[in-house]
1. Please compare each pair in B:Lys37/B:Lys573; B:Lys460/B:Lys689; A:Lys112/B:Lys422 to a cut-off of 31 Å on the Cα-Cα distance and tell me which ones are over it.
2. How many nm separate the modelled label positions at B:Arg797 and B:Gln629, each set 7 Å beyond the Cα in the direction of the Cβ?
3. Student exercise: in the stretch B:691-813, how many lysine pairs 8 or more apart or on different chains have Cα atoms under 13 Å apart?
4. Highest first, please rank the peptides B:258-268, B:389-399 by the mean number of other Cβ atoms sitting within 10 Å of their residues.
5. Give me the compactness ratio for the stretch B:413-504, meaning the Cα radius of gyration over 2.2 N^0.38 Å.
6. For the stretch A:99-127 and the stretch B:597-617, write down the distance between their C-alpha centroids in whole Å.
7. Sorted by average packing, counted as other Cβ atoms within 10 angstrom per residue and highest first, what order do B:300-306, A:18-24 take?
8. Would you report the distance distribution of C-alpha pairs in the stretch B:361-460 as whole percents per 5 angstrom bin, up to the bin with the largest distance?
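No lab work stands behind these numbers, since they all come straight from the coordinates. Everything numeric here is computed off the predicted structure, so don't read it as measured data. Every residue, glycine as well, gets a Cβ built from its backbone with ideal geometry; the counts of neighbours run over all protein chains shown.
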Amino acid sequence: MAGRQGAQRPNGATQGKICQFKLVLLGESAVGKSSLVLRFVKGQFHEYQESTIGAAFLTQTVCLDDTTVKFEIWDTAGQERYHSLAPMYYRGAQAAIVVFDITNQDTFARAKGWVKELQRQASPNIVIALAGNKADLAQKRMVEYEEAQAYAEENSLLFIETSAKTAMNVNEIFLAIAKKLPKNEGGGPTQSRQSGVKLNNEQTQQSEGGCCK
Amino acid sequence: MTELGKADFGLTTFFAKSHPNDKCGANGLPLTPNSIKVLGRFQRLKAVSHPNLCNYLDVARGKHERLMVVAEHYRHCLRSTAKSGKYTNEELFIELAFGIVSGLAHLDRIGITHRNLSQSNILLDHQGKVKLSEYGMYYMTEDGTSVAFPIGNHKYLAPEALGLGPAVIEDHTDSDATLTVPCGPKTDVWSIGLILMEILSIPYKNGFRLFSADGRCKDLELPVFGENGYSKEYLESDHLSLRSMEEVYYLWRLAGGDLVGALKKEGLTKSKPPIHLLPYYSTNEGEVFGQTRDRAELLDSTVVILSQEQLRQRLSEIDETAYYPLLEDEQSQVTSSLPTSPSSNDLSETANLPLVIREKDIEYQFHRIILYERLLKGYPYTRGHIWKEARVDIPPLVRAHVWGALLEIEGDIYARYDEIDKETPTQTDRQIEVDIPRCHQYHELLSSPAAHGKFKRVLKAWVVSHPQYVYWQGLDSLCAPFLALNFNNEALAYSCLSAFIPKYLHKFFLKDNSAVIQGKLFRLQEYLPVFSHLITFHDPELGNHLDGIGFIPDLYAIPWFLTMYAHVFPLHKIVHLWDTLLLGNSSFPLCIGVAILSQLRSQLLSFGFNECILLFSDMPEIDIQRCVQDSIKIFCNTPKSATYRQHARPPKKAKKEESRPNISYYSRDYNEQPSSELSMEPIPVEELKTEKCPRISAEDLIELGELSGPSHTKSPTKRKQNSKPMLLVIDVRNQEDFAKGSIPNSINIPFPTAFSPEGDLNPCSAVTSLNLHKVQVKVVVGSRGRNATNFAIELVRLGYQKVCVLHKGIDVLRSTNILTVPPVDL
Ligand SMILES: Nc1nc2c(ncn2[C@@H]2O[C@H](COP(=O)(O)OP(=O)(O)OP(=O)(O)O)[C@@H](O)[C@H]2O)c(=O)[nH]1
Ligand SMILES: [Mg+2]
């Protein structure tokens, strides 16, 4: 089952713009954030995916028409105890995927909390997607599709149900985000990034709403 | 621990029921293989010990859900012995019955039902004493549900057991629960009755019956208790037989003992060519037809006796005194750890070989195990000696207890653990439950349901018994090594975890009441900058590079420190790392971090931010032994105040010092020692973060610089005569101040004129002298203000290593009589 559907890879050096975006995954512990990233980046699924402590970082590139979109993905730890670390990761992010587990209502409530926090504290132009993960467990569903859909519409979020296990909609959600991100500032190759995440307490202005360089 | 005596090791094999390929658990994830379930349940059997029960020693998984069980074994069983009519003797018969009942009564006490009793698994040892075997089959297979064959000899099974039919239900339903009602001890009572009846009533081969008077004298030639069974003299010359069964079995494996090989030799693994195993028909969904396994193959009742020949051969050269090593000589001096007598020659040479080789060297392990086993018997009195030996290495067989000793576990840990409520649901349960099935699950033992249960209990016990702390993700990883080592001893696993956390992660798991402390975990706020300083101190080039690309420890090192590397390495590496970690103080983990970076140095130096961070998103292969050695080096080359953290554990009552005579001053925690105005003191985190170098206390300066001063030094270091000084003091005050009084042998490079506009050091004699001291610790000394700090930052930028700043500057030394007027420079 694992790895049958590999993730999209950059298909050679196409003449086009290259955009670089910072994307963060948020959501209650064990909803499958790391699994989604692993599926997207390496086309794999580990049943015994280790829990995330602090955060993990990966990158993946997708091609969209003539644009190459490079995601810098920050996968965070879900436990409430690590909440205080989250701002360090979502600060300056252009996109966020807030994940919940469709078989667990509490994780949906927690997802709403994250959305609220992002709307208040993250960059104003941030693209937020809501992922109802573990869609393969539909027989144990506790969060109705319509319920999540309605919530997403109210808050103008992208909403897709995914399964990291079967790979359903995993590439799709990242592509949908890539489509929605502004790529207006013209093409050109990326500059090498200047530094990692800024960790000081002041809000960094560097890449507010930014994208293509 | 039961002595080996004359027991054999018996090997049996069977297959666990395999799951259909397409089946998933309720969480959508693959089902735990039944062999893993059995493996987990089996562990408890290893702890069963009773004179009438055979000890279980080991279980191993083979291909295709095969399980191999090793247990104490005897060549005589009731079936063979009874044929001779031995039990026509009423006394012997009663003795036999009593033996069986005693064994079963013990099983009943610990809640295990035999349900597999038959004449062939009631074994008799050399004295004719009853030794029940195979009593764990029903238990380890979870009342037979993990196997696809019936357990128990139908001849002796109780009606209620037979009435249930075989426990196997070919369940293609989704529910895992089999509807079997487990059998209780009464089933066993029925079986004893039948077996004893049979012995009393069944005609023997030679045709006489018990209650007939004739032929009794035929017993006479049979072995009778005390005659040619047990012989004290024999045992006395066979020292190995006095060692514990577990130990001998461990050595047996080291001597090349191989379970699969033994089965093959006996023809018990019939390997079919794989093509014969293919199903005849398979659907797209993965359902297969046409290859059902022959049930008769699933269980083989043969017991293969594992020959001890090879082991005894390997140990035959060992002098018998080696079985009884001398721990202390007349002066009650701790004697050297490794035998140097000609018989057991050059083991001290073996001690220098790589750890993995030492662990496979049977002779070496033999000596080490015996030594440790004796030391552990004397614990806590022998604590100092154990510490000393642990610096050499720790044999895997005794690691669990040695760790307990190093963590200074004492007292009635069982009562304490029993008292803790591990059952009542709490808020933390969900997190614990989702973490456990993700924690070190490649490990056979830890992935079993039995392990999950224990895991949960130990973690809950810790959370409940430490109300000031909370469960953090990562605590599961910390617990895993202790649980894996003490699988049958939750209380010790719990005690070790409880002792480990305050030692290395003091207050890390504190309830974080002010929910968001901007951007950081509270304790790590101090820990991580100190780590940065340490990197820079030892490897400024790397430190500069990582700083320059923004690859700061916050991004990669949180799981390192929060779990003491238990989240980032596999268990077999963690144990080796922790073998040493446990000997160091709470600053040692920082040194491990530097050692890891230095192992990856060339890659890191050539990498940019993204590559660096990707490198650590999956911990790269690290040579642990090298890492351990490097850490020790780094540790010894770091002034102790340089890793000072105000949040490290506060001083403990010094009661235990005297029993750890051999601990170097490095293994003691800085905070555990008396402090004075010359010591380190808390530095605000914000200030720490603006600095690049560690600070050194005046005390350390005096100590390492061998400056005469107050006599209350903390370390009993004996420095070699006429060795080079350990450090160079760089005074950055202006010449006037310097001339009025300065530290002997210090050089003066006034900060304002030190650097050229290009940022290089302006050449002068002091700079020449600085360049001659590349490897020494460089202590930058200023007065008030930031000159010293800034100077140090510049030195680091220029690539000078081991730069640190004197905490509180020159003024701190005014109260001492160290400062002198320097000789006029020519
Ligand atoms: N059935 C099913 N299981 C999934 C799916 N995605 C993840 N899982 C499982 O859910 C568990 C948790 O997944 P993780 O990816 O570790 O969850 P996480 O959100 O990263 O958790 P934290 O790191 O603790 O925040 C793992 O056992 C996964 O195998 C899915 O789509 N379907
Ligand atoms: Mg995760």
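1. Working: B:Lys37/B:Lys573 25 Å; B:Lys460/B:Lys689 36 Å; A:Lys112/B:Lys422 33 Å.
The answer is B:Lys460/B:Lys689; A:Lys112/B:Lys422.
2. For B:Arg797 paired with B:Gln629, the spin-label model returns 3.8 nm.
3. Value for the stretch B:691-813: 4.
4. On the way: B:258-268: 15.1, B:389-399: 19.9.
Ranked from most to least packed, the peptides come out as B:389-399, B:258-268.
5. On the way: Rg = 11.9 Å, N = 92, 2.2 N^0.38 = 12.3 Å.
Compared with the compact-globule rule of thumb, the stretch B:413-504 sits at 0.97.
6. Cα centroid to Cα centroid, the span is 33 Å.
7. Details: B:300-306: 17.7, A:18-24: 23.6.
Top to bottom by mean Cβ count within 10 Å: A:18-24, B:300-306.
8. So the P(r) values, bin by bin, are 2, 10, 17, 14, 14, 15, 14, 9, 4, 1, 0.
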